[in-house]
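Inspection log for the structure reproduced underneath, given as structure tokens.
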2 protein chains.
Amino acid sequence: MTTPNDPLVIFTPSGKRGRFAVGTPILTAARQLGVDLDSVCGGRGICSKCQIQPSYGEFSKHGVTVDDDALSEWNSVEERYKSKRGMIDGRRLGCQAQVQGDVVIDVPPESQVHKQVVRKRAEARDIVMDPSTKLFFVEVQQPDMHDPTGDLERLVKALREQWDLPHLEADLGVLASMQPILRKGEWKVTCAVHLGDDMFSPRIMHIWPGFYEGSIYGLAVDLGSTTIAGHLCDLQTGEVVASSGLMNPQIRFGEDLMSRVSYSMMNDSGAQEMTRAVRDGMNTLFTNIATEAGIDQSLIVDAVFVCNPVMHHLFLGIDPFELGQAPFALASSDSISLRALELGLNLHPAARVYLLPCIAGHVGADAAAVALSEAPDKSEDLVLVVDVGTNAEILLGNKDKVLACSSPTGPAFEGAQISSGQRAAPGAIERVEIDPVTKEPRFRVIGSDLWSDEDGFAESILSSGITGICGSGIIEMVAEMRIAGIVDGPGLIGSPAQVGTDRCFLDGRTHSYLVWDGTADGGPRITVTNRDIREIQMAKAALYSGARLLMDKFGVDTVDRIVLAGAFGAHISPKHAMVLGMIPDCILEKVTSAGNAAGTGARIALLNVASRREIEQTVKAIHKIETAIEPRFQEHFVNASAIPNSVEPFPILETHVTLPDVNFNTGGEGDSASGGGGRRRRRRG
Amino acid sequence: MTTPNDPLVIFTPSGKRGRFAVGTPILTAARQLGVDLDSVCGGRGICSKCQIQPSYGEFSKHGVTVDDDALSEWNSVEERYKSKRGMIDGRRLGCQAQVQGDVVIDVPPESQVHKQVVRKRAEARDIVMDPSTKLFFVEVQQPDMHDPTGDLERLVKALREQWDLPHLEADLGVLASMQPILRKGEWKVTCAVHLGDDMFSPRIMHIWPGFYEGSIYGLAVDLGSTTIAGHLCDLQTGEVVASSGLMNPQIRFGEDLMSRVSYSMMNDSGAQEMTRAVRDGMNTLFTNIATEAGIDQSLIVDAVFVCNPVMHHLFLGIDPFELGQAPFALASSDSISLRALELGLNLHPAARVYLLPCIAGHVGADAAAVALSEAPDKSEDLVLVVDVGTNAEILLGNKDKVLACSSPTGPAFEGAQISSGQRAAPGAIERVEIDPVTKEPRFRVIGSDLWSDEDGFAESILSSGITGICGSGIIEMVAEMRIAGIVDGPGLIGSPAQVGTDRCFLDGRTHSYLVWDGTADGGPRITVTNRDIREIQMAKAALYSGARLLMDKFGVDTVDRIVLAGAFGAHISPKHAMVLGMIPDCILEKVTSAGNAAGTGARIALLNVASRREIEQTVKAIHKIETAIEPRFQEHFVNASAIPNSVEPFPILETHVTLPDVNFNTGGEGDSASGGGGRRRRRRG
């Protein structure tokens, strides 16, 4: 019961305001007004999550003057907390500070339940914290022979009454451990509560005696064909506390997806072996990441996985047989909620697992995660999102419509199947420039900031050496070779005479280009062979023709912007990608990198459960294009085999670079560039 | 669209009627009217569940005349089914027979989805079939590259569209096995669908290719301290297809509940050992019962368990420590739904488990099951339900109010701790009469229909011999000894002189009574010692004082009827139980046996899911009485130690039997009858 004479409490940044009787704790006022002010202990002065910042003086904007004694005096609970843990000067505990007069209270971001996790890129949306599992401190009524309800039922009642939580179930593990914990905590406990989803009713996941000072964690995992990348997040703050990666142990069964599908077809228990391998790999990753973060692995209560459909099926223990042949039927396309135990994952025994929905038989939960992170469905302008990997996922759209497809680029962009290719690691050539006159290359290797023709370069690479060319390096290399007139449009490397340098040399029936000869120092001889050019041509043609197909379906010839995603996407030079004809012509500044967008999408789904429902809806609205049954895909592929393209114009690119009009075909070999179309089937998936 | 001229279809026994266009299948008409007519195949002429019985001729009651051609002609689908499987003459398949004219259609009980499972006892309610899991046959849309939903999503859609089922989830096992099954069945499959409960959303449990001809099964298990009894039920018909029992393997850790709680206190991993023992025992039972029924164990998709609180906790893996001391706090009192896998039970991998709620720390899910089976809360007259076992569960009430308590009778009624006691088995004395003049006994043993003084008795027991006295035998024995004046009210056996027979003999400091001397033939000498009398006095006093305490709380001195439950309850002679003072005075005809009411309650909960919600509500409304904190319990116990009782009158009993007014106390021993109160603590639980 408040009166017009009661003090006015104004909260910022929400602007919510109301009058409260003298003596009302700020936390109580905040709750009554629906202000987002955190608390785990429920106002008992234990958790310190409800820190607030009162402001004093005149606030003409709000029409109030805040006197120095607008709040009750600093008390012993606050003093104890501050001396023990520290607290920013001027801050108060919202549960201790009581209203005495008109006051303006700022709720700092870290005191908000739905705090924002700010992302580094300006165009990327922030993540609003709303995880599946939260901590709640409660006092539980003791058992009474006259009212013989179970301990669990009284705990559930306490959570309902003290936290407005719905009826909760408890996992068997909680039930088995609960009684001694309740007594050890003297009927005060902290509960980790999973707030429920489509699959599971809300339930108590874990109990600690008394007030639990620690946190609980979740994992966002990008399960790729080649690598598995995990991010361990604090479910209270959203912070990434550790990240770790691992080679996908399934690689021993086949480098690309199709060869793994084949392995499962050729071997009776092949699918089971691969399932076991990837789950074992996951557990290794989890141990590494928990060790790195210095936390107990069993504090991980939630995990979100994104992956392509074949990885998705093998991880779940589903034979990917059907994904290896038309009509590429997924066992399940919707999102999947499970217990981690069902997958044999060593997390908290009650931990939950969520897999994002798949878009189609070749467009997986990883593409859905990219869609969640990059939100093409919310874009005003037409955006092309390309997730570059062994398989490329491609999204094109704006707020009106989104199209998706996948394209089998193969592992060339990751440095595989390239004669001097290697994974991105110290010693790998990552940047290249070739002098158009002398045809001499200069380059930079990972681990050094110097170009190869700069002073001190040799010393700077002493420990790593120069070992090969990584994915982004090979893209720049081939593009620079094209700009310098070493490679022609159809993809032939010229002879020493045609090019005018003996860095070109006959290498079997075609020519190669010598980048670096380290043999004198016991190092490798790094060359680009014509076969390497062919591999890159096929990979980039697959990628481009997927994008172009989506543009056809959308009815456009240009896009407003391009987002390159994938761990490797971050390192691609937009100009060189465009010279290669890997992506459509676009204003260079409008080609940006989103880093590991699939991993970010997983993190969003981990930290904000509403986004799971959102992406489930988004995915249903995405138009799926199956490249395998689109005749124009083949046509685009053939055209895109040329560098940059035998048909499509690149007018914007032409304002930056002039490509020499050379042709090294002397008959018999020039046509083979388009012959790649026949081979790509092998890599399907 | 029907018109007033369309034929009228009248269904019996429901009386539902409506007009349908000529050519409408009877199954369609039934569905539109909401008539309960079964079908698994959805009207495809495969399952034959929709058999109906048309009637012809004049029906003045219904105001119609049914012509011979009121239904379409017998067709080839019906002919094929009848020749292959047989069908009662006159019956038709509801999905094949089409309306041609006015017709009266009887739906026989076996064609009803919610068929009644009739119980043998007149006063017991029938069970309406409504199991958790049902079979549905569906045709699934094939995958299409232009609409790349998963196979599961199309299966779920088919179940929704063809069966009006809600959105279904699928267990991982279904997901992993589904794709080849859909293709083997050529996109026609039969699904076992769990329709959902508080804990689990509706989900597909299993898939078979094509139409699955078999059934699915459920288990109703009564997990007692001494024995585990399981009933395997067909979830389509409700029929009990096999029953099997097993000694509870926990017996090696202690005969009664309290000794098992002690074992867990004294041994670090004691509770885990007992959990493992009972779960292993369950799996043995499941294997036995499936073998007996000749079914695959993995066809068991649901299981309901009833047990006392200590068994409940140990089965779930919860240390029963708290149940061994006041305030006897249950870990959980509500019902529990789990996956069988979580308990390590070898049933269908997705099988569900349901445990009925516990009523209080000493009144378990077994008492709840008795309440479900005997429904005191629906009784017009005041009924006392006594479930006799190592621990007695006692319910008293009517539709206004129900009270419950448990009482630690100990194992004497099961023949344990009795010098010549044994479990009910061939050779055990089960019926006794003692001549009040000669004091000579005659008896019957299990395995023979003859009394021991009848011709041919000796031959009839040649194979079994006479081996001991079972529970119901010892009750009759002590009661007959009291009637014959061999035992006095306080429970002393008289001397040979006092009784007038040398069947009474000095046996240490007290006297014993010789029932049978088989030593000449190498058999046992069967006697009743005064210590045996003491054990029975304590057991029956515990039982009576529990009942009497509930009567106090209810404010009554008499009850209208008594139901004796428990496997052993079926064999108790009401008159002898009343002579003993084990149950309150009551009209003998109003004392009936309910057999294993706890097991029946489990069966009801298995076959009718609505009854689970019902008993959960009922249990919440039951008033729990904790005998341990009721001072009057001790007083009742002392009074009830006498035979029949030192205070309470038994006026109805007196119209049947006159008990001799004898007293064999010659000083020093007579008081020990009431001394049992001190010892009963040991057996608590």
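The values are calculated or read from the model by the stated rules, or taken from the named source; none is laboratory data. Computed from a predicted model, the values in this text were never measured in an experiment. Note that each Cβ is placed from the backbone with ideal geometry, even for glycine, and that neighbours are counted across all protein chains shown.
If you take the residues of the stretch A:164-176 that are out of contact with any Pro (no Cβ under 8 Å at 6 or more places or on another chain) and within 14 Å of residue A:203 (Cβ to Cβ), which of them is farthest from the other protein chains (Cβ to nearest Cβ)?
A:174
So residue A:70 clears everything in (1) modelled with pLDDT of 90 or more; (2) surrounded by fewer than 18 Cβ atoms within 10 Å (Cβ to Cβ); (3) over 25 Å from residue A:137 (Cβ atoms) except one condition, right? Which one?
The single condition residue A:70 does not satisfy is (2).
Select, from A:466, A:475, A:418, A:394, the only residue that is assigned to a helix (DSSP H, G or I) and modelled with pLDDT of 90 or more.
None of the other options fit; the residue is A:475.
Could you say whether any residue in the stretch B:184-196 is over 21 Å from the mean Cα position of the chain (by Cα), part of a loop (DSSP other than H, G, I, E, B) and within 14 Å of another protein chain (Cβ to nearest Cβ)?
Yes, the stretch B:184-196 contains at least one residue that is over 21 Å from the mean Cα position of the chain (by Cα), part of a loop (DSSP other than H, G, I, E, B) and within 14 Å of another protein chain (Cβ to nearest Cβ).
List the pairs whose first member sits in the stretch A:99-119 and is without any contact (Cβ under 8 Å) to a residue 12 or more places away in the chain, whose second member is surrounded by fewer than 16 Cβ atoms within 10 Å (Cβ to Cβ) and part of a loop (DSSP other than H, G, I, E, B), and whose Cβ atoms are under 6 Å apart, counting only residues at least 6 apart or on separate chains?
Final answer for the pair search is A:118/A:126.
Examine the stretch A:279-295 for a residue that is under 16 Å from residue B:177 (Cα atoms) and at pLDDT 95 or above, and state whether such a residue exists.
no
Pick from the stretch A:369-387 the residues that are under 16 Å from the mean Cα position of the chain (by Cα) and over 20 Å from residue A:542 (Cα atoms): which of them is nearest to the other protein chains (Cβ to nearest Cβ)?
Among those that are under 16 Å from the mean Cα position of the chain (by Cα) and over 20 Å from residue A:542 (Cα atoms), it is A:371.
Restricted to the stretch B:433-484, and to residues that are touching a residue at least 60 places away in the same chain (Cβ under 8 Å), over 16 Å from residue B:579 (Cβ atoms) and among the β-branched types (Val, Ile, Thr), which residue is surrounded by the fewest Cβ atoms within 10 Å (Cβ to Cβ)?
Among those that are touching a residue at least 60 places away in the same chain (Cβ under 8 Å), over 16 Å from residue B:579 (Cβ atoms) and among the β-branched types (Val, Ile, Thr), it is B:438.
Starting from residues that are at pLDDT below 95 and part of a helix (DSSP H, G or I), keep the ones in the stretch B:547-574 and report whichever is farthest from residue B:391 (Cα to Cα).
The extreme case among them is B:574.
Out of the residues in the stretch A:103-128 that are modelled with pLDDT of 85 or more and surrounded by 20 or more Cβ atoms within 10 Å (Cβ to Cβ), which is nearest to the other protein chains (Cβ to nearest Cβ)?
Filtering first and then ranking leaves A:127.
Please determine, by comparing only the residues of the stretch A:136-153 that are surrounded by fewer than 19 Cβ atoms within 10 Å (Cβ to Cβ) and in a loop (DSSP other than H, G, I, E, B), which one is farthest from the other protein chains (Cβ to nearest Cβ).
Out of the qualifying residues, it is A:141.
Hey, can you tell me all the residues within the stretch B:641-653 that are closer than 14 Å to residue B:479 by Cα and either assigned to a helix (DSSP H, G or I) or without any contact (Cβ under 8 Å) to a residue 24 or more places away in the chain (or both)?
The one that is closer than 14 Å to residue B:479 by Cα and either assigned to a helix (DSSP H, G or I) or without any contact (Cβ under 8 Å) to a residue 24 or more places away in the chain (or both): B:653.
Answer yes or no: is there a residue in the stretch B:253-264 that is assigned to a strand (DSSP E or B), among the aliphatic types (A, V, I, L, M) and under 24 Å from residue B:392 (Cβ atoms).
Looking through the stretch B:253-264, none of the residues is assigned to a strand (DSSP E or B), among the aliphatic types (A, V, I, L, M) and under 24 Å from residue B:392 (Cβ atoms).
If we scan the stretch A:298-309, do we find a residue that is surrounded by fewer than 24 Cβ atoms within 10 Å (Cβ to Cβ) and not hydroxyl-bearing (Ser, Thr, Tyr)?
yes
Being under 17 Å from residue B:342 (Cα atoms) and not hydrophobic (A, V, I, L, M, F, W, C) is the filter here, so list the residues in the stretch A:325-367 that pass it.
If the condition is that a residue be under 17 Å from residue B:342 (Cα atoms) and not hydrophobic (A, V, I, L, M, F, W, C), then A:339, A:342, A:344, A:346, A:348, A:349, A:352 are the ones that fit.
Can you find a residue in the stretch A:206-221 that is within 14 Å of chain B (Cβ to nearest Cβ) and either over 25 Å from the mean Cα position of the chain (by Cα) or of a type outside the set (A, V, I, L, M, F, W, C) (or both)?
yes
Can you tell me which residue in the stretch B:402-419 is farthest from residue A:146 (Cα to Cα), limited to those that are crowded, with 24+ Cβ neighbours inside 10 Å and either out of contact with any helix residue (DSSP H, G or I) (no Cβ under 6 Å at 6 or more places or on another chain) or among the hydrophobic types (A, V, I, L, M, F, W, C) (or both)?
The extreme case among them is B:418.
Hey, any hits in the stretch B:520-528 for a residue that's touching a residue at least 60 places away in the same chain (Cβ under 8 Å), assigned to a helix (DSSP H, G or I) and among the hydrophobic types (A, V, I, L, M, F, W, C)?
For the stretch B:520-528, residues touching a residue at least 60 places away in the same chain (Cβ under 8 Å), assigned to a helix (DSSP H, G or I) and among the hydrophobic types (A, V, I, L, M, F, W, C): absent.
Can you tell me which condition residue A:200 does not meet? The list is (1) more than 11 Å from every other protein chain (Cβ to nearest Cβ); (2) surrounded by 18 or more Cβ atoms within 10 Å (Cβ to Cβ), and all the others hold.
Of the numbered conditions (1) more than 11 Å from every other protein chain (Cβ to nearest Cβ); (2) surrounded by 18 or more Cβ atoms within 10 Å (Cβ to Cβ), the odd one out for residue A:200 is (1).
Please indicate, with yes or no, whether at least one residue in the stretch B:597-607 is among the hydroxyl-bearing types (Ser, Thr, Tyr) and crowded, with 20+ Cβ neighbours inside 10 Å.
yes
Condition (residue is within 16 Å of residue A:547 (Cα to Cα), among the small types (Gly, Ala, Ser) and modelled with pLDDT of 90 or more) applied to the stretch A:360-382: is it met by at least one residue?
Yes: one or more hits.
Residue-wise test of (1) under 30 Å from residue B:192 (Cβ atoms); (2) in the same structural domain as residue B:192 (by TED's automatic domain parsing); (3) in contact with a helix residue (DSSP H, G or I) (Cβ under 6 Å, 6 or more places away or on another chain); (4) not in a loop (DSSP other than H, G, I, E, B).
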site: B:30; (1), (2), (3), (4): yes, no, no, yes
site: B:38; (1), (2), (3), (4): yes, no, yes, no
site: B:45; (1), (2), (3), (4): yes, no, yes, no
site: B:49; (1), (2), (3), (4): yes, no, no, no
site: B:58; (1), (2), (3), (4): no, no, no, yes
site: B:61; (1), (2), (3), (4): no, no, no, no
site: B:74; (1), (2), (3), (4): no, no, no, no
site: B:95; (1), (2), (3), (4): yes, no, yes, no
